[in-house]
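A short reminder: the numbers here are calculations on the coordinates, not readings from a lab. Only a predicted model underlies this, so the values are computations on that prediction, with no experimental measurement involved. Here the Cβ is made from the backbone with ideal geometry for all residues, glycine too, and neighbour counts use every protein chain on show.
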Amino acid sequence: MSRAVAGPEIERLIQLLSKLPGLGPRSARRAALHLIQKKDQLLVPLTQAMEVAVDRVVVCSRCGNVDTSDPCTICSDQRRDPHMLVVVEDVADLWALERAGVLNARYHVLGGTLSPLDGVGPDDLSIDALVERVSADAVTEVILAVNATVEGQTTAHFITDRLAGLPVKVSRLAHGVPVGGELDYLDEGTLSAAIRSRTPF
Amino acid sequence: MTLHDSQLGRETGAAEALWLSALGLANFRNYERLSLALDRRPVVLTGPNGAGKTNLLEAVSFLSPGRGLRRARLADVARRGGDGSWAVTATLGGAGDDVAIGTGIALGPEGPEATRQLRLNRTPAESTQALLEHLRVVWLTPAMDGLFTGPASDRRRFLDRLVLAVDPRHGERVNAFERAMRGRNRLLADHTADRSWLTAIEAQMAEHGVAVAAARRECVALLAGAIAETQPDGPFPAARLALEGTLETALDGAPASGVEDRYRGALATGRGADRAAGRTLDGPHLSDLAVVHAPKAMEAASCSTGEQKALLIGIVLAHARLVARLSGRTPIVLLDEVAAHLDPERRAALFAILVGLGCQAWMTGTEPAPFTALGDAAQHFAVPEDL
């Protein structure tokens, strides 16, 4: 059995850091040591930033994004097209799309995907809120930016069905050749999806 | 007869030879630690029952995705008396470009981890599917002797492994279909799910189910072509293969999109029956591979035990040739206890074919005598003395 090399306060810090995504016990130990050794430059400002985050971070009541204001910065941005809504599974996907910077739209965060095996049903996701929002905000296009997994696509299909009666165009992200990809290396499923989703040149 | 190195690889044409140049085990079955240096020739392992010959073949089978040739639970593979972790390491020679593979169960802070890890050139890989980019492993074990008389699920699993070796994405499709099907079964059992949700999940089942059926059909057609290249009445009789399944049959006369629509419709109308049965009553999870002894025009299940074994060997060898041709690299072929049940003529023919394929075939037997014809064309190890 390994012996503790530091006091319980430091062990607690390591234990908490190890719960972060991408950090195992060893990297958590390294991160903790780094924080302790850079106390003034890193540990103190990080602690202050976290305290502020605890106090001020809220979930946007309109789209489900996280921010320090409600409505969030994106929902409050008047330059964004209010008639285009991008539906994502979670906030990480919203951030990924924002990093790409290709959309000037607003978002709707579902909070997951339909998964009978995990006990997640329509009532556990913000699908009703999406339908209400589409009606109330006169949205003309909904872009389903969900993952190409069984659960993601099932959810996309379900939402499409729920929006069927509304005057809104529903589109989804294209599936096919990745940027920089070579056709020779693609499997038949991806190739046939790319052919089906072909666009005018 | 002695086979020579000059004969290696005659039958696979343009495929580059790939072999294991080193194999290492740690806490794997009865091996606490083992390190084996190898060259490109076939590997013959001989020794008494229980010495650990099949364990070595099983270790090599973990160089492909899945649960290995015994379909064991990962925890059961760990050496008794060990800490629950285990590892198989290998270096690929020839077309394998010296790639170093490491796979197994690591020891986490709370005991052995649940999922098998893979490292390629000491870098973690996302999934064991990545193995298929480097090598293909095919096998034949005594447990498969009853394949033609056993349940359809065994033949379906055998077929899906054949497809996976020629089409690495097949595993993902099968998993996606099964996940969607399990989800639908759960929804039906709950009685509460709304119809939109069922429709959405059935669309996923239809999309992946038809993709599974199409991949199986293509593989069986290619395999039939590879079998047709061999002598129909040779030592390993030609098998005639046919797929029996609603989707596979429907794809004979209709485009995939039409079959997908029809299957989606069939699932929607079959909800009541499926709910009553507690399972999905139609789909590629019920398909079967029908095998006929072509020269005799007799169903494989009705053939003698020896003929069934010969048919199976013929299919596995044709498949190895097909994998080599399609992937451009010779597969590793694992043949457990295969020589003992063949007469000397068939045995000699098997060795000639394996050497002709140029693949590193791993064979086991209790006695060295049946393998003497291979001479220096193979590398021989007595288990456990030479390890």
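Points to keep in mind about this one:
- Taking only the Cα atoms of the stretch B:105-203, the radius of gyration and Dmax are 18.4, 50 Å.
- In this simple spin-label model, placing a label point 7 Å from the Cα along the Cα-to-Cβ direction at both A:Gln15 and A:Trp95 gives a separation of 2.6 nm.
- GNM result for chain B, Cα springs below 10 Å: residue of B:Leu57, B:Leu281, B:Leu120 fluctuating most strongly: B:Leu281
- Nearest-0.05 FRET efficiency for B:Ala152 and B:Ala221, computed from C-beta distance (R0 22 Å): 0.65
- Rounded to the nearest 0.05, the FRET efficiency derived from the C-beta distance between A:Gln48 and A:Gln78 at R0 = 30 Å is 0.40.
- Virtual paramagnetic centre 7 Å along Cα→Cβ of B:Arg195, amide N under 15 Å, in the stretch A:149-178: A:161-162, A:164-165
- Antiparallel DSSP beta bridges within the protein assembly as shown, percent to nearest 5: 60 percent
- Each eigenvalue of the Cα gyration tensor of the stretch A:79-172, multiplied by 5 and square-rooted, gives one semi-axis; in descending order these are 20, 16, 11 Å.
- Estimated distance in nm for a label pair at A:Leu183 and B:Ser127, the labels positioned 7 Å out from Cα along Cα-to-Cβ: 2.6 nm
- Calculated log₁₀ intensity ratio I(q)/I(0) where the Debye formula runs over C-alpha points of the stretch A:153-201, q = 0.13, 0.26, 0.30 Å⁻¹: -0.44, -0.98, -1.11
- Distances between placed amide hydrogens fall under 5 Å for B:Phe28 paired with B:Arg79, B:Ala87, all partners being 5 or more residues away or on another chain.
- When the alpha carbon gyration tensor of chain B is reduced to an equivalent ellipsoid, the three semi-axes, largest first, read 37, 27, 18 Å.
- The Cα atoms of the protein assembly as shown define a convex hull whose projected area, averaged across directions, is 33.2 nm².
- Every helix of 4 or more DSSP H residues in chain B counts as -39500 (n - 2.57), and over all residues that averages to -12500 deg cm²/dmol at 222 nm.
- Per-pair calculated FRET efficiency, R0 = 51 Å: B:Lys296 and A:Ala148 via Cβ, rounded to 0.05: 0.60
- Averaged over the residues of B:194-203, the number of partner chain Cβ atoms lying within 10 Å of the residue Cβ comes to 6.
- The stretch A:72-105 residues near the modelled A:Ser61 label - backbone nitrogen below 15 Å, point 7 Å along Cα→Cβ: A:72-73, A:75-76
- Taking the DSSP beta bridges with both ends in the stretch A:79-172, the antiparallel portion is around 5 percent.
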